[in-house]
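The values are calculated or read from the model by the stated rules, or taken from the named source; none is laboratory data. Please read these numbers as outputs of a predicted model, since none were measured by experiment. Note that each Cβ is placed from the backbone with ideal geometry, even for glycine, and that neighbours are counted across all protein chains shown. Accessible surface is based on the protein model in full, side chains and every heavy atom, while ligands, DNA and RNA are left aside. Shrake-Rupley method; radii C 1.70, N 1.55, O 1.52, S 1.80 Å.
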Amino acid sequence: MIVNAPENALTKENLMRHELHTEITIDASPETVWAVLVDLDRYAEWNPFVVESSGRVEVGERLVNRLQPPGGRAMKFTPTVTEVAPGRCFEWLGRLGLPGVFDGRHRFELVPPASGGTTLVHTERFDGLLVRPLRSSLDTRTVAGFEAMNEALKARAEAVAASASPDAIC
């Protein structure tokens, strides 16, 4: 599911800010989803959007990520981890050049719904001078990348959960 931030009056702030929001329900515990999500060294095995990642999932650490947006060209970036709550939240802040040019706060939240499993809330808030000219690409290529990653994370976590269940051994 995609929900783009509402477009209110065209103020300078609105033109320089944009948020993407996707969600998916995964039939695996938050702990299982978390284990897959933070195993950065294995992103190349399953992640079609962030095709490579390295670094430590600790606040203040720098990651090295290679992003491959659908229909776009690959790019390398080095975001800083800004929040880690094991089993619940992983967030980083990436910048293009100087602060305020094009900043992206990328966030994964794992929510355990009452029905079981995990809801992944995958968002990114973009701020800066380049948001307006890049908005169309964000709403198409970047959202498509989020959705592809969400589906791949779902498949990987559900496979891990199934292989760990006692029924899978029989």
Förster radius 22 Å - calculated FRET efficiency between Glu151 and Arg66, Cβ distance, rounded to 0.05: 0.70
Part-to-part distance (alpha-carbon centres) for segment 98-170 and segment 49-75, which is given in Å: 13
Dipole of the chain, positive end: most advanced residue of Ala164, Val101, Thr22 [Cβ charges, Cα centre]: Val101
Value of relative contact order over the chain, rounded to a whole percent, pairs C-alpha under 8 Å and six or more apart: 28
Heavy-atom accessible surface of the chain: percent carbon and sulfur, 1.4 Å: 55
Percentage of interatomic Cα-Cα distances in the chain larger than 24 Å: 36
Solvent-accessible area per residue, Å², over segment 10-138 with all protein chains present [probe radius 1.4 Å]: 51
Separation in nanometres of the label points that stand 7 Å from Cα toward Cβ, at Val38 and Arg17: 2.9
For segment 59-111, projected area of the alpha-carbon convex hull averaged over all directions, nm²: 4.5
